[in-house]
Amino acid sequence: MRSRLFRIMLLALLAVAAVGGHRAYWRNSSQAITMRPLMLDEAHPARRKVGALTFLNAWELRSDNSDFGGISALVARGPNRFLAISDAGTLIGFSLGRASRLEDSFIAALPGAYGENVDYRDRDSEGMAFDPATGRLWVSYEARHAIRRFPPSLSRVDGIKRLTNTSGWKANGGVEAIVRLHDGRFLIFSETHQRADGSNSSFLFSGDPVESGTRMVAFGYRAPAGYRPTDASLLPDGRILILNRRIGLPDGFTAKLVLLDPAEIAIDETVGGKVIATLAPPLLVDNMEGLAVAKEGDRTIVWLISDNNFNALQRTLLMKFALNLPNKKPEAETAPGFETLTR
């Protein structure tokens, strides 16, 4: 009975933490981030397989910086160079050096996060998309639903798209994930807003969302039962990985990775994808919110990072996996309606 009550109390605390809150702290502007290696399964150190993933490494990240934590999205700007954002409008950069050491780290406010007529609702950054050809970065915002574009220098906001078709969306249930396709189109996925069929509101843009003339059409994404999408990333072959997170008894936080082929998307239709891996206790897992994909030689690498909600009960986990999937069939065709969106 005591064990059950403890789990219920812990779950309640995590549920409160998962939607954020006010933080009290002494300011610290340290730029240092440290990392501590972790195992996938402490009881079985040799365990490596998790569905279609092979575990390679994991670490707990820490910093004395007051703004470190709350990480909600991750992108790889190179094989070992990363950018992350927090849901408090903070940009976090770091590189993995030799011997798995963190190098060149920085922690700074995103441009536009502070200023005249700006409040916390303008800092709720949740998703990121990156164009390796231009170095541009797109960030989606949840409370005041919007997409902002940043140049490679990350020095300013150089474009913004206010989402106006968000009637009924919760302030903390907006655009949680944004993906840029190889051809320059974009996909966005909401976290909690449900369509009539229970799926998550999602949209396909014909090009850069912040550019005038870009068209947008709706479709639905059906996450695994009880889960919400928290991030998404493009695979080299054009398919999409979607990270989904759940909090519930008896396991607390769990996560599922879903594989989605954009060719399955059709206007106003609902698509589900295929679950390829599940992280749940006793495996290492927390409030998984960030997902990035990179290449190492012939291997496709999947990176996951967690949002600690600025909560002492949680950790910022960085996890590295190799993806084991056959390449997409070359004969796969675009879904009806999808090809009608021209840039």
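Where a number appears in this text, it was derived from the coordinates with a stated rule and is not lab data. It should be emphasised that the depicted structure is a prediction, and the values quoted were computed from it without experimental measurement. When we count neighbours, we look across all protein chains shown, and the Cβ atoms used for this are built from the backbone with ideal geometry, even at glycine.
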Which of the listed residues, PHE205, THR254, SER95, is farthest toward the dipole's positive end in the chain, when Lys, Arg count +1 and Asp, Glu count -1 at the beta-carbon? THR254
How large is the charge dipole for the chain, taken about the Cα centre, if only the Cβ atoms of Lys, Arg (+1) and Asp, Glu (-1) carry charge, to the nearest 20 debye? 660
Sticking with the crude label model, points 7 Å out along Cα→Cβ, report the distance from LYS328 to THR134 in nm, one decimal please. 2.1
Order of ARG144, ARG180 - criterion: other Cβ atoms within 10 Å of each residue's Cβ, fewest first: ARG144, ARG180
What is the distance in Å between the Cα centroid of segment 274-306 and that of segment 54-83? 12
Return the Cα extents of the chain along principal axes one, two and three, sorted largest first, each rounded to a whole Å. 55, 49, 45
At 0.36 nm per residue, minus the direct Cα-Cα distance, what do ASP64 and ASP237 gain on full extension? Give it in nm, one decimal, please. 58.4 nm
Taking GLU103, GLU289 and counting other C-beta atoms within 10 Å, the order from fewest to most: GLU103, GLU289
ALA218 versus ALA196: modelled label distance in nm, points set 7 Å from Cα along the beta carbon direction: 0.9
Report, by chain and number, residues whose modeled amide H sits under 5 Å from the one on GLY159, excluding near sequence neighbours (fewer than 5 apart, same chain). ARG149
How large is the helix-only mean residue ellipticity at 222 nm for the chain, computed as the sum of -39500 (n - 2.57) over DSSP H runs with n ≥ 4, divided by its residue count, in deg cm²/dmol to the nearest 500? -1500 deg cm²/dmol
Less than 17 Å from a label point 7 Å out along the Cα-to-Cβ axis of ASP183: which backbone N atoms in segment 220-236 qualify, by residue? 234-236
Footprinting exposure proxy for ASP122, ASP237 (fewest neighbouring C-beta atoms within 10 Å first): ASP237, ASP122
